[in-house]
Amino acid sequence: MPDTETPQNGETTLGGETTPRRHRFGQRKHIVLAGLTLSIAALILITQTWITIGAPDTGVAVESLNVAGGTATPAAPALAVVMLAATIALTIAGPVTRWIITVVQALAGAGVAGVSIWAALSPEDAASAKVGETFGLGVVSSVYEVTIFPIITAVAGILMVLVAVWGVFVS
């Protein structure tokens, strides 16, 4: 019998030499996995406390107020769900529809990043609804402390835009 081997486990033969098949990192499953991870991370981060407002100087003993991301920016959870839905839709989409879905992914990621950055830069405006509900005032002259969570959520949104761009090149 001749001393020849048949290729195994995805190996290819080229000119009599057996070379292992390289796994491509640009497959759709990688994009879906990255999109799911970022979407779920954004949804979890939005539930965390984004802004802490110190007790106002009203003469009444009131505790500090914690404002979650979904309360500070009501659009953020909706946009994160759109990111998640678009990512899931990629699994069944055809070639033309994938282009549309990646645009939706990018816009939703940019939206999450935008509202998160807005909440971090303008905590008085972002927390005004919760402040008005709790203290009966639109703005309280107190200390507004921003946590790290809106910044991390903004990074997740920006990464989702990059995943969408990556998806365009894989499609």
**Study point:** The lone exception for residue 25 - which of (1) at pLDDT 90 or above; (2) closer than 24 Å to residue 161 by Cβ; (3) open to solvent by 30 Å² or more (accessible area, probe 1.4 Å) it fails
**Key:** (1)
Practice item. Could you please let me know if residue 99 is farther than 13 Å from residue 28 by Cα, open to solvent by 10 Å² or more (accessible area, probe 1.4 Å) and assigned to a helix (DSSP H, G or I)? Key: no
Exercise for review: Identify the residue in segment 66-93 that is touching a helix residue (DSSP H, G or I) at 6+ places or on another chain (Cβ under 7 Å) and part of a loop (DSSP other than H, G, I, E, B) and, among all such residues, is farthest from residue 52 (Cα to Cα).
Suggested key: 93
Review point. Given (1) open to solvent by less than 40 Å² (accessible area, probe 1.4 Å); (2) under 17 Å from residue 43 (Cα atoms), where does residue 127 come up short, assuming only one miss?
Key: (2)
Review point. Is there a residue being at pLDDT 95 or above, closer than 14 Å to residue 42 by Cα and out of contact with any helix residue (DSSP H, G or I) (no Cβ under 7 Å at 6 or more places or on another chain) anywhere in segment 106-120?
Key: yes
Review point. Quick check, is residue 63 touching a strand residue (DSSP E or B) at 6+ places or on another chain (Cβ under 7 Å) and acidic (Asp, Glu)?
Key: no
Exercise for review: Please work out which one of (1) over 23 Å from residue 129 (Cβ atoms); (2) open to solvent by 80 Å² or more (accessible area, probe 1.4 Å); (3) at pLDDT 95 or above is the condition residue 4 fails and give its number.
Suggested key: (3)
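Quick check: anything in segment 43-53 at pLDDT 90 or above, among the β-branched types (Val, Ile, Thr), part of a helix (DSSP H, G or I) and in contact with a Pro (Cβ under 8 Å, 6 or more places away or on another chain)?
The answer is yes; a qualifying residue exists.
The values are calculated or read from the model by the stated rules, or taken from the named source; none is laboratory data. This is a predicted model, so every value here is computed, not measured. All Cβ positions, even for glycine, are placed from backbone atoms using ideal geometry, and neighbour counts span all protein chains on display. We work out accessible area using only protein heavy atoms, side chains counted, and drop any ligands, DNA or RNA first. Shrake-Rupley method; radii C 1.70, N 1.55, O 1.52, S 1.80 Å.
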